[in-house]
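Read the figures in this text as sums done on the coordinates, not as results from a lab. In this text the structure is predicted, and so the values were computed from the model without any measurement. Cβ placement follows ideal geometry from the backbone for every residue including glycine, while neighbour counts extend to all protein chains displayed.
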Amino acid sequence: MGGRSRVVDGLLPPDTVIGDGRYRLLEPVGADERDGAQLWRARDGKLDRDVALTVLTGDSSGPDTVRHTLQRAASVSRLVHPGVAPVLNVLSVGDGVARGEGIVGIIAAEWTRGTGMTDVVAREPVTPVHACLLLEPLADAMDRAHRRGVVLGVGHPLRIRVTPAGTLRLAFPGPPAGATLTDDVRGLGTILYFLLTGSWPVPGGPLVSPRELQPEVPVDLSEIAIRSIADVSAGGIRTSDSILRVLRLVSENAERATMLAALPDDNENTPDVEKDGAVWITKPPVNDAARRKKVAIAAAVLVLISIGVIVWVGATVIGMFL
């Protein structure tokens, strides 16, 4: 099992077994400097499947801070939503984490197949509609969590992954102890800005409107990205619901436009216009002499038949009185 020598300069080496022998570290995803958490793809020896591990090392903040983070992760575990990876296990020292491992906490979540969020814009920003479709499930998950007072900890790009279905998911739940609901909203706006521009905004730095960088970005979407990142006291967005409404509006407008563009151009239903200016709803009459002759003969036959019927009826009536 080893001891603290496993953690070298704050980093755990691959193939290390932690969590009292349950989890084997396979591949590092990165680190969240906000709480000194290491993010790993690992193998759960008990469940025999890959999991996403948020590992809090001895370099993390004090025990109260660690305890608060783990308590928050337990709260997230009660949220069932496709926009958040299900939390499977929350371990602490003496409760799943052996003393001497150099680890103070572990949050295990279902492994999210797919790719990292940063890979999506590796070459260029995505289209505004694509950005909305990517972000909407995560925004909906945040909205539901916030209605319960649960902080998700959205705000670090490496914690987010793109699912095979093409949507963003919080793959490494584990809200830092100091994170707030407002921080979540700011994190969501930051992700939107990143998708639209390809740049991760520097905290407190100047922001260029996404629309200035990408003219095809709708005004509402560009403004919501900027206002979500801005300080609330300076007119910033306070709730995830505000972002979610704009995302859905852009998606619905794009879907409506696509449906209209797909309507067939049916020339057969287009009214015909004759040289004399007459408009015919179906087809104009055909100027055919042979056809007119046939119609005249048919009309004459009908007239003769009608006269014969009248004569027969009259004769019958007269015969009744004779």
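Can you pull the Kirkwood radius for the range 101-173, inverse mean 1/r over Cα pairs, to one decimal in Å? Can you show the working numbers first?
Numbers: mean 1/r = 0.0739 Å⁻¹.
It is 13.5 Å.
What translational diffusion coefficient, in µm²/s and rounded to a whole number, does the Stokes-Einstein relation yield for the range 51-161 at 10 °C and a viscosity of 1.306 mPa s, taking the hydrodynamic radius as the Kirkwood radius over Cα pairs?
102
In square nanometres, what is one fourth of the surface area of the convex hull spanned by the alpha carbons of the range 94-216? Before the final figure, lay out the partial values.
Numbers: hull surface 38.1 nm².
Result: a mean projected hull area of 9.5 nm².
Measuring from label point to label point, each 7 Å out along Cα→Cβ, what is the residue 212 to residue 245 span in nm?
2.7
Evaluate the distance, in nm, between pseudo-label points positioned 7 Å from the Cα of residue 165 and of residue 220 along their respective Cα→Cβ axes.
2.4
Sort out for me the Cα centre separation of the range 100-123 from the range 198-248, rounded to whole Å.
First find each Cα centre; the distance between them is then 26 Å.
Excluding residue 168 itself, calculate the net charge of residues whose Cβ lies under 9 Å from the Cβ of residue 168, where each Lys or Arg counts +1 and each Asp or Glu counts -1.
Values: positive: 161, 169; negative: 136.
Residues close to residue 168 contribute a combined charge of +1.
Can you tell me the relative contact order of the range 155-244? Whole percent, Cα pairs under 8 Å, sequence separation 6 or more.
The normalised contact order for the range 155-244 reaches 25 percent.
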